[in-house]
Amino acid sequence: MGCGCLSGDTNARILFTCSGCCAEGEASDKIGRKLRAVGYARCGNICLAGIGAGYPKFLNAAKAASEVVI
């Protein structure tokens, strides 16, 4: 579930976490939510699958970020 904060500061750090069904995915998601809550990075309604598929909206958001954390 994205936080919908993709509009606004286009020079921010974007955080991609795995939210898969395995324990590692759950841990990654929880850590990512904490990092977002303290302002380390922003999330968005974009995902790595969209980047892999070459969707322009997703690619442009990742390119505009000051840093991408996966």
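Sorted largest first by accessible area at a 1.4 angstrom probe radius, with every protein chain in place, the residues LYS30, LYS63 fall in the order LYS63, LYS30. Backbone geometry of the range 28-35 corresponds, through the Karplus equation with coefficients 6.51, -1.76 and 1.60 at θ = phi - 60°, to 3J(HN,Hα) couplings of 4, 4, 5, 5, x, 5, 5, 4 Hz, x marking Gly and Pro. Seen from LYS63, the other residues with C-beta closer than 14 Å to its C-beta sum to a net charge of +1, counting Lys and Arg as +1 and Asp and Glu as -1.
The values are calculated or read from the model by the stated rules, or taken from the named source; none is laboratory data. Since this is a predicted model, take the numbers as computed values, not measurements. In this analysis, Cβ positions are derived from the backbone assuming ideal geometry, glycine residues included, and neighbour counts consider all displayed protein chains. Ligands, DNA and RNA are excluded from the accessible area calculation, which covers all protein heavy atoms including side chains. Shrake-Rupley method; radii C 1.70, N 1.55, O 1.52, S 1.80 Å.
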